[in-house]
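The values are calculated or read from the model by the stated rules, or taken from the named source; none is laboratory data. The structure presented is a predicted model; accordingly, all values stated were derived computationally and were not measured. We place every Cβ from the backbone using ideal geometry, glycine too, and count neighbours over all the protein chains shown. Keep in mind that these areas ignore ligands, DNA and RNA; they rest on the heavy atoms of the full protein, side chains included. Shrake-Rupley method; radii C 1.70, N 1.55, O 1.52, S 1.80 Å.
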Amino acid sequence: MKIESVTAEILRYDLDRPMADAQIDIGARIIVLVRVRTSDGVEGIGEAGAFGGAEQTVKTIIETQLAPLLIGEDPRMIEHLWVQMYQGTIQLGRRGAMLAAISGADIALWDALGKTLGAPLYLLLGGNARTMPAYASGGFYMPDKDVAEVGAEFAGYRELGYRAGKMKIAGADFNEDVERVRAVRAGLGPDADLMIDANNQYGPREAIRFARAVEDQDIFWYEEPVPTDDLAGARFVRESISMPVAGYETETSRWGFKALIEAGAVDIVQADTVWAGGITECRRIAAFASAWNLPMAPHNFAGAVSGFANLHLLASLPGAMFFEMDQNPNPLRTEIVTNWPVIDAASRVSLPEGVGLGMEIDEAAVARYRVG
Ligand SMILES: [Mg+2]
């Protein structure tokens with residue numbers, strides 16, 4: 001069995017109502033879909049992270065740098081192919097767009113392997129659970145969105161059945177952000193888990209000040225309080241406050257997470273398969289986290305394929321904690337697959353039982369949003 005082709009396509013959805021976190025304005029949702037086709041007629045599908053207008057760069061890397069390293073190889077030798085892609089691009093790579101491209105190809109290879117062997121990916125990885133607790137992720141900033149609206153947003157998630165939710169902070173002035181957290185706690189109810197996400201915005205002292213201002217709101221985790229590269233600051237924050245610190249989704253690779261974990265920066269480890277190095281590398285990150293007795297709660301935002309990849313990863317890990325369910329309107333999540341998971345009465349999602357990632361792709365929807 002050989003790899004015959006590796007291609008990438010760009011899907012885009014322009015938002016009717018642009019949104020923002022503390023760091024970036026989001027006017028469109030964009031994903032890079034990766035397809036690996038084998039000589040046995042199997043097609044594996046992956047997704048590469050492509051924030052910040054990097055989608056064309058990531059697509060070009062996949063088709064001009066990674067495809068030549070993969071075509072003709074046995075698609076089942078994923079560890080071998082990961083090393084080939086990483087070492088074969090190392091002088092211009094290691095992180096960023098190159099590792100996002102490798103991540104997309106790696107996920108497609110795992111999907112192809114599951115299809116070839118006739119197994120759902122989470123079982124192929126040695127399944128640990130058939131369902132995962134899920135949380136509603138939202139609470140973004142919008143120009144005309146006030147405190148009452150963000151509170152009502154989370155009351156709506158509670159009505160949908162979610163018993164946990166995550167909101168953005170650090171994008172408004174300090175006091176308004178405190179009010180937003182209180183409004184979301186009131187909307188979610190006292191018995192739900194509430195997470196707050198600063199997206200790297202604060203300096204250490206401001207991060208600590210904010211944690212103390214919302215400590216009475218029973219915060220389940222405090223995500224990315226300070227910049228990812230400020231390891232000393234991250235440790236100072238974590239050791240100064242009572243609530244657990246989660247992060248850093250913006251970190252990538254086992255070496256990045258090794259430094260983060262050894263610095264004592266986090267209580268909960270958040271890697272994302274679409275840019276941290278794929279399923280292969282995130283399994284290594286999880287193994288390292290487990291040696292430090294830290295749970296994994298992967299970041300999950302981009303699109304449908306990344307969601308399935310992160311869900312299968314989670315369900316294969318003994319130390320898995322929570323599945324992130326982005327609530328913002330995004331047809332690249334809800335339309336390009338017809339079996340996107342829904343939460344059950346226990347606020348959990350079930351693993352798809354189809355082979356590979358178990359996605360039922362609607363190719364007409366893919367074509368509708370394809371721009372390159
Ligand atoms: Mg985050």
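Condition check ((1) within 16 Å of the ligand (Cβ to nearest atom); (2) within 24 Å of Glu159 (Cα to Cα); (3) open to solvent by 10 Å² or more (accessible area, probe 1.4 Å)) across all residues:
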| position | (1), (2), (3) |
| --- | --- |
| Glu179 | no, yes, yes |
| Asn200 | yes, no, yes |
| Arg212 | no, no, yes |
| Glu215 | no, no, yes |
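Quick one: would you say Ser306 is open to solvent by 10 Å² or more (accessible area, probe 1.4 Å), of a type outside the set (Phe, Trp, Tyr), in contact (Cβ under 8 Å) with a residue 12 or more places away in the chain and outside any loop (DSSP other than H, G, I, E, B)?
no
For (1) closer than 18 Å to Gly303 by Cα; (2) touching a Ser or Thr at 6+ places or on another chain (Cβ under 7 Å); (3) free of Cβ contacts under 8 Å to residues at least 60 places away in the same chain, each residue gets a yes or a no:
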residue	(1), (2), (3)
Ser39	no, no, yes
Glu55	yes, no, no
Asp74	no, no, no
Met77	no, no, yes
Arg95	no, yes, no
Met98	no, yes, yes
Tyr135	yes, no, no
Phe140	yes, no, no
Asp146	no, no, yes
Working only within region 238-251, note down all residues that are within 14 Å of the ligand (Cβ to nearest atom) and buried (at least 20 other Cβ atoms within 10 Å of the Cβ).
Val245, Ala246, Gly247, Tyr248, Glu249, Glu251
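In the list Leu317, Leu313, which residue meets the criterion of being under 16 Å from the mean Cα position of the chain (by Cα), part of a loop (DSSP other than H, G, I, E, B) and more than 16 Å from the ligand (Cβ to nearest atom)?
Every option except Leu317 fails the conditions.
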Determine whether Arg254 is under 25 Å from Ala50 (Cα atoms), more than 16 Å from the ligand (Cβ to nearest atom) and open to solvent by 10 Å² or more (accessible area, probe 1.4 Å).
yes
For a quick check of your reading: which strands (runs of 3 or more DSSP E) sit entirely within region 2-118 and have at least 3 residues that are surrounded by fewer than 21 Cβ atoms within 10 Å (Cβ to Cβ) and either within 16 Å of the ligand (Cβ to nearest atom) or not assigned by TED's automatic domain parsing to the domain that holds Ala271 (or both)?
3-20, 25-38
Being open to solvent by 10 Å² or more (accessible area, probe 1.4 Å), within 15 Å of the ligand (Cβ to nearest atom), touching a His at 6+ places or on another chain (Cβ under 8 Å) and among the acidic types (Asp, Glu) is the requirement here; does Glu324 meet it?
no
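Could you count how many residues in region 257-294 are assigned to a loop (DSSP other than H, G, I, E, B), open to solvent by 10 Å² or more (accessible area, probe 1.4 Å) and away from the ligand (no atom under 16 Å from the Cβ)?
5
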So if I check each of Pro352, Pro318, Pro298, which one is in contact (Cβ under 8 Å) with a residue 24 or more places away in the chain, assigned by TED's automatic domain parsing to the domain that holds Leu194 and closer than 25 Å to Gly52 by Cβ?
Pro298
Exactly one condition in (1) open to solvent by 10 Å² or more (accessible area, probe 1.4 Å); (2) away from the ligand (no atom under 16 Å from the Cβ) is not met by Phe154; state its number.
(1)
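Conditions (1) among the aromatic types (Phe, Trp, Tyr); (2) more than 25 Å from Met325 (Cα to Cα), marked per residue:
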site	(1), (2)
Pro190	no, no
Ile196	no, no
Ala211	no, no
Arg238	no, yes
Val245	no, no
Tyr248	yes, no
Glu262	no, yes
Ala265	no, no
From the list Ala170, Ala207, which residue is under 27 Å from Pro133 (Cα atoms) and surrounded by 19 or more Cβ atoms within 10 Å (Cβ to Cβ)?
Ala170
So, in region 182-193, exactly how many residues are surrounded by fewer than 24 Cβ atoms within 10 Å (Cβ to Cβ) and either within 16 Å of the ligand (Cβ to nearest atom) or touching a residue at least 60 places away in the same chain (Cβ under 8 Å) (or both)?
1
Take region 224-237 and flag every residue that is within 16 Å of the ligand (Cβ to nearest atom) and either touching a helix residue (DSSP H, G or I) at 6+ places or on another chain (Cβ under 6 Å) or not in a loop (DSSP other than H, G, I, E, B) (or both).
Pro225, Val226, Ala234, Val237
